[in-house]
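Report on one structure; see the data block that follows.
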Amino acid sequence: MPRSSEVRVNQTAPNEPAAGAVPLRLALAVCALLVGTAAAFGDDGATRVKELLDAGQAAEARNAARARVERAPDETICWRWLALACERLERWDEAEETWVAYAAITRSRINRAAAAEHLAWCRARRKGETPAAAGGASIDPVALGSVDASFTTARSAHFVVKSRNAQLTRLVADRAEEYLTSLCRTFLGDRAWAHEIPITIYRDHAEYVGAGNPAWSGGGTAFRFEEKGALDWKIKRSIDLFQLGAEGKLDPELLPNTLPHELTHLVLSEHFGEHAVPLWLTEGLAQLMESVDPDYYDKVVVADLNSGKRFYVPIPALVGLPKYPEGSGPKFLFYRESASFTRFLLANLPRERFFEFVDDVKRGFTAIAGLGQVFAVPPEQVAERLEKKWLDGLVQKYGTSIGSLEEAEKSR
Ligand SMILES: [Zn+2]
């Protein structure tokens, strides 16, 4: 039975890196959830494509991305950037072709859903239509950043969304349904989701914090057992987000990153039921569901290693960590380290073995015992052996080429 008044809250990482690092930038990249074989970037070509896109140089970005995908067709991320560059250049035929190629090679259902959405949008544009809300490119940040005096509510099959912008309210309800479908397929074996979740989008971070969310967090999910008697208990579920970023404009993290991140926590909590999901695992998976190039997490870890492991938590400690570390630097690295290590596990275990591990932990085994089981390594050795393999791989991939967190941040 669940304990009375047990509260579990998972948070999106703060949007503030460790002191001294540059602010995080809007991610154009996309994560490949459950990626098995992400090709290493042999040079900074992929980073260059993103820089060109960020700088609005779509023609140059297209050329660079085209050259890149011809040289390294396994680099999923470059296909996405190529498609986005083609969209910006209104080269609809080429964009459509590229989204199809991207959908074929990505292993993430969410990425495939995003590709399908973009594809429909490109097709409509090619025909001269102006689709209402299909695809990221149709999002109007100015319209979505306006704040009405009062809240509007939108309902979808599983969500009741409230915000002070009717268009945003509807959009979040629709996006949440799409993400939920993918997440349930991934984690719940397509089990139906029989709950209605309130999502409240506060005006800004201050209002979100005023509602009881930690000041360091960028999004909050509650999965709370409430018990009034032996046979009278229920689970309360809710997600808190905020609309405007630091500049008073639509928070660019909200739709591509924070929303899928928080929904991942919710679905994992549902899957684990009365057992708590290990913090590193839920934060690792939640970040891999964001639209962020997953190489970014590896690069941050490498930057920390190269600067003397300022905030690094050894894996035997990380997998047993009961709560978020104190301080912005340790928190920041805890998130990135969790994502990088989770990604490493996904890349080194067949999918079904990874879910065996998740199920073992769900049944009450420690993460160490579960890892020992799926990797067939004695539990007392497994964390250190995996840690060595993971870090050796990162060092081999990046060497000392990433000297600082600022450099790592550029790849986000
Ligand atoms: Zn989180």
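Bear in mind these aren't lab numbers, they're just calculated from the coordinates by the rules spelled out. Small disclaimer: the values here were computed from a predicted structure and weren't measured. Cβ: placed from backbone, ideal geometry, glycine included. Neighbour counts: every protein chain shown.
At-a-glance table
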| quantity | calculated |
| --- | --- |
| Residue, farthest from the ligand (Cβ to nearest atom), within segment 288-310, restricted to residues that are closer than 29 Å to residue 223 by Cα and out of contact with any Lys or Arg (no Cβ under 8 Å at 6 or more places or on another chain) | 291 |
| Selection from segment 77-106 of residues that are in a helix (DSSP H, G or I) and among the charged types (D, E, K, R) | 80, 87, 88, 93, 94, 96, 97 |
| Segment 197-225, subset more than 15 Å from the ligand (Cβ to nearest atom), free of Cβ contacts under 8 Å to residues at least 40 places away in the same chain and buried (at least 16 other Cβ atoms within 10 Å of the Cβ), residue farthest from residue 249 (Cα to Cα) | 209 |
| Flag for residue 251 being touching a residue at least 40 places away in the same chain (Cβ under 8 Å), buried (at least 24 other Cβ atoms within 10 Å of the Cβ) and not basic (Lys, Arg) | no |
| Criterion violated by residue 240 - all others in (1) over 20 Å from the mean Cα position of the chain (by Cα); (2) of a type in the set (Asp, Glu); (3) within 16 Å of the ligand (Cβ to nearest atom) satisfied | (1) |
| Whichever residue in segment 278-287 is among the hydrophobic types (A, V, I, L, M, F, W, C) and surrounded by 24 or more Cβ atoms within 10 Å (Cβ to Cβ) and, among such residues, is farthest from the ligand (Cβ to nearest atom) | 285 |
| Among the candidates 346, 333, residue that is away from the ligand (no atom under 16 Å from the Cβ), within 22 Å of residue 292 (Cα to Cα), under 22 Å from the mean Cα position of the chain (by Cα) and surrounded by 20 or more Cβ atoms within 10 Å (Cβ to Cβ) | 346 |
